[in-house]
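Let me begin by presenting the structure, written as structure tokens, before commenting on it.
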Amino acid sequence: MWFVLIILLVIIVVTGLFTVRQQTSAIVERFGRFQRIAPAGLNFKIPLIDRISGRLSLRVQQLDVRVETKTKDNVFVFVVVSVQYYVLPDKVVDAFYRLQNPQEQITSFVFDTVRARVPLVGLDDLFQMKDDIANAVKTELDTVMDDFGYGIMKALVTDIDPDAKVKASMNEINAAQRQRVAAVEQAEADKIRVVKAAEGDAESKALQGKGIADQRKAIIEGLQESVENFSNVVNGASPQDVMNLVLMTQYFDTIKDVSSSSSTNTILLPHSPSGMHDIGDQLRNAMITANEVSSSTKSKGHTPKTTS
């Protein structure tokens, strides 16, 4: 008899003990009526009288809601909102009894808020205003879900997914804009190259002209000095004789240079060195005319105007 009573007592004690996991609360009912909240750890309930009606996790949970809506410019998009929520520790009873399915309740409010906000903005602005939409969702859920024992930690708009054709069109527009910018930059680069090449060519021609002018000036000064020195050394020699001698010397030097080159293609036609006399007369007459013009100009006190 005592043995049977001991066994029954052990069974009652064993069936009355239960454990609750960390960050979890157990709802204990007695004959269908709420009795108490069992905290984490080892707990005891009266067998056959008390029962565990359910358990609620106190951890932060996340619910992803995918909402289909359209923008102000009539583009249909899918907006994914991630809601992070948790059971308020001091409102476990409300969270357990007042809402049969809290996820459906949260989903309904997310749909309502998103479909009220997104149609007010265009597609391009929607990507920039996703934080505003997320804040609006959190504000709406904070007000409503607090009465049911739930707190909203964060609401995030994690994805905005337009129709595939719309995304392809947006990519084409973006590519066209980038190509236009690239074409403008390429044209500017070509313009700079052309301008720089023209400036370089102009400077090269200017330097080349200056070099030719300096060369001719040096030749004239050298001839003038040679004529003066020769006239001073050789008595009775006239400037015409000196010029003829210089031209003849240059003539023979040119013939020598042409004949000594192994890669020349020059063809010498029959001619007479006496032609140097005619060339000398022409040069002498030009120099005399230039000296007369220069003297006349200096006497009048103004700079001559050279024509070509």
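The values are calculated or read from the model by the stated rules, or taken from the named source; none is laboratory data. Values in this document were obtained by computation on a predicted structure and should not be read as measured data. Note that each Cβ is placed from the backbone with ideal geometry, even for glycine, and that neighbours are counted across all protein chains shown.
Descriptive notes on the structure:
Residue-wise test of (1) touching a helix residue (DSSP H, G or I) at 6+ places or on another chain (Cβ under 6 Å); (2) of a type in the set (S, T, N, Q); (3) within 29 Å of LEU126 (Cβ to Cβ).
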| residue | (1), (2), (3) |
| --- | --- |
| GLN61 | no, yes, yes |
| VAL67 | yes, no, yes |
| THR71 | yes, yes, yes |
| ASN74 | no, yes, yes |
| ALA95 | no, no, no |
| LEU99 | yes, no, no |
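- Lone unmet requirement of (1) within 24 Å of THR139 (Cα to Cα); (2) among the polar types (S, T, N, Q); (3) under 46 Å from the mean Cα position of the chain (by Cα) for ASN74: (1)
- Candidates VAL28, VAL81: the one that is modelled with pLDDT of 90 or more and in the same structural domain as ASP147 (by TED's automatic domain parsing) is VAL81.
Condition check ((1) assigned to a helix (DSSP H, G or I); (2) of a type in the set (A, V, I, L, M); (3) modelled with pLDDT of 80 or more) across all residues:
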{"residue": "THR143", "(1), (2), (3)": "yes, no, yes"}
{"residue": "VAL157", "(1), (2), (3)": "no, yes, yes"}
{"residue": "ILE160", "(1), (2), (3)": "no, yes, yes"}
{"residue": "ALA168", "(1), (2), (3)": "yes, yes, no"}
{"residue": "ILE173", "(1), (2), (3)": "yes, yes, no"}
{"residue": "GLU188", "(1), (2), (3)": "yes, no, yes"}
{"residue": "GLY200", "(1), (2), (3)": "yes, no, yes"}
{"residue": "ILE212", "(1), (2), (3)": "yes, yes, no"}
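- Selection from segment 107-128 of residues that are in contact with a helix residue (DSSP H, G or I) (Cβ under 8 Å, 6 or more places away or on another chain), within 18 Å of ASP159 (Cβ to Cβ) and either touching a residue at least 60 places away in the same chain (Cβ under 8 Å) or hydrophobic (A, V, I, L, M, F, W, C) (or both): VAL110, VAL114, VAL118, LEU123, LEU126
- Any hit, segment 45-54, residues being within 19 Å of GLY149 (Cα to Cα) and of a type in the set (Gly, Ala, Ser): yes
- Taking segment 1-117 as the region of interest, the strands (runs of 3 or more DSSP E) fully inside it that hold 3 or more residues being aliphatic (A, V, I, L, M) are 24-30, 61-70, 76-87.
- Just one of the numbered conditions (1) in contact (Cβ under 8 Å) with a residue 60 or more places away in the chain; (2) under 30 Å from ARG98 (Cα atoms); (3) assigned to a helix (DSSP H, G or I) is not true of ASP147: (1).
- Residue match in segment 39-61 (condition: surrounded by 18 or more Cβ atoms within 10 Å (Cβ to Cβ) and basic (Lys, Arg)): yes
- The set of residues from segment 146-162 being under 10 Å from LYS91 (Cβ atoms) and surrounded by 14 or more Cβ atoms within 10 Å (Cβ to Cβ) comprises ASP146, PHE148, GLY149, TYR150, GLY151.
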